[in-house]
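The values are calculated or read from the model by the stated rules, or taken from the named source; none is laboratory data. Note that the structure is predicted; figures quoted are calculated from it, not measured. Cβ sites come from the backbone with ideal geometry, for glycine too, and all protein chains shown count toward neighbours.
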Amino acid sequence: MKTFKDKVAAITGAGSGIGRALAMNLARQGAHLALSDINEATVHETARRARELGVRVTSAKLDVSDRAAVYAWADAVVADHGHVNLIFNNAGVAVGSTVEGVSYEDFEWIMGINFWGVVYGTKAFLPHLRASGEGHVINISSIFGIIAVPGNGTYNASKFAVRGFTEALREELDMMDGTVSATCVHPGGIKTNIARDSRFSDNMNGFLVKDEKSGKENFEKAFMTSPAKAASIILRAVNKNQRRVLVGPDAVGLDLLARTFGGVYQRFVVAGAKRNVR
């Protein structure tokens, strides 16, 4: 997909962060947009800003963990726009907890959004992408879909799952007619609200962090890439039909660490976590 002009792009989690940045970048390139987010007010604000750039924009409140709602939204996008070329499965959440201490409710919540939301979005839109004659699936994993870190076992589980799912999908699409492709995105620390809005378990206090407030603040300090920069990197990767894209210098460095040292990288992570606690 060498150009986004007059293409129709559907984006989940479009109310803020990477989702909003993708919407604005695509609108500037002449793409028409179908936007969704669990937060109705923020997604309507993204839509308002994008319309000012002269493209057709629809917006909807959507819980991506609701399979029926995602399929209904996919059908509505095609009904409103006539076709759809791109689906950005971007909506995501985080949970700070040890594996031993995490509640099943929190585990099911994060998997419902981060993993099943991606699955539902992919499967609901694939037939429509194929019908358009030129389609692309973009699934947002994380650098934590490449390396694991303590206190993020549920997030790691969801993002490693997105990676495996998307890589298998890409292989299958490569074996088919070539009208649809897929890219897996691994952002590092992006300056969004994900840490601030995450669920946080008391079992982290005194183990990995002093308390919830300082833990979230320290995690946010590591965020080094703006959403606008992340969106540019992602869209350039789609233009180039890349299978995998690393977003941010921290993602590039951590990927190199994992590839260089294999499973031994975990020793470095543990040592760094202990030093950080001290």
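Observations on the structure shown:
- If you go through region 174-215 and keep only what is touching a strand residue (DSSP E or B) at 6+ places or on another chain (Cβ under 7 Å), outside any loop (DSSP other than H, G, I, E, B) and either among the charged types (D, E, K, R) or modelled with pLDDT under 85 (or both), you end up with R199, F200, N203, M204, E212, G215.
- Among (1) closer than 21 Å to R196 by Cβ; (2) under 19 Å from the mean Cα position of the chain (by Cα) - the single one L86 does not satisfy: (1)
- Considered as a group, the residues in region 4-24 that are more than 16 Å from the chain's Cα centre (by Cα) and in contact (Cβ under 8 Å) with a residue 40 or more places away in the chain include one that is surrounded by the most Cβ atoms within 10 Å (Cβ to Cβ), and that residue is V8.
- In this structure, L53 qualifies as in contact with a helix residue (DSSP H, G or I) (Cβ under 6 Å, 6 or more places away or on another chain) and surrounded by fewer than 24 Cβ atoms within 10 Å (Cβ to Cβ).
- Number of the exception - H136 against (1) over 30 Å from A222 (Cα atoms); (2) assigned to a loop (DSSP other than H, G, I, E, B); (3) out of contact with any Gly (no Cβ under 8 Å at 6 or more places or on another chain): (2)
- Residue among A251, A271, A228 that alone is part of a helix (DSSP H, G or I), crowded, with 19+ Cβ neighbours inside 10 Å and either touching a residue at least 24 places away in the same chain (Cβ under 8 Å) or out of contact with any His (no Cβ under 6 Å at 6 or more places or on another chain) (or both): A251
- Residues considered: E167, E220, E171. Of these, the only one that is assigned to a helix (DSSP H, G or I) and without any contact (Cβ under 8 Å) to a residue 24 or more places away in the chain is E171.
- Sole exception among (1) without any contact (Cβ under 8 Å) to a residue 60 or more places away in the chain; (2) within 24 Å of D6 (Cβ to Cβ); (3) in a loop (DSSP other than H, G, I, E, B) for V84, by number: (1)
- Residue count for region 25-41, restricted to those that are part of a helix (DSSP H, G or I) and surrounded by fewer than 24 Cβ atoms within 10 Å (Cβ to Cβ): 4.
- Set A69, A131: member being surrounded by fewer than 23 Cβ atoms within 10 Å (Cβ to Cβ) and free of Cβ contacts under 8 Å to residues at least 40 places away in the same chain: A69
- Residue match in region 99-107 (condition: assigned to a loop (DSSP other than H, G, I, E, B), over 10 Å from A34 (Cβ atoms) and acidic (D, E)): yes
- Whenever a residue of region 178-194 is closer than 15 Å to N85 by Cβ, its partners that are part of a strand (DSSP E or B) and among the small types (G, A, S), lying with C-beta atoms within less than 7 angstrom and at least six residues away or across chains, give the pairs T179/G135; V180/G135.
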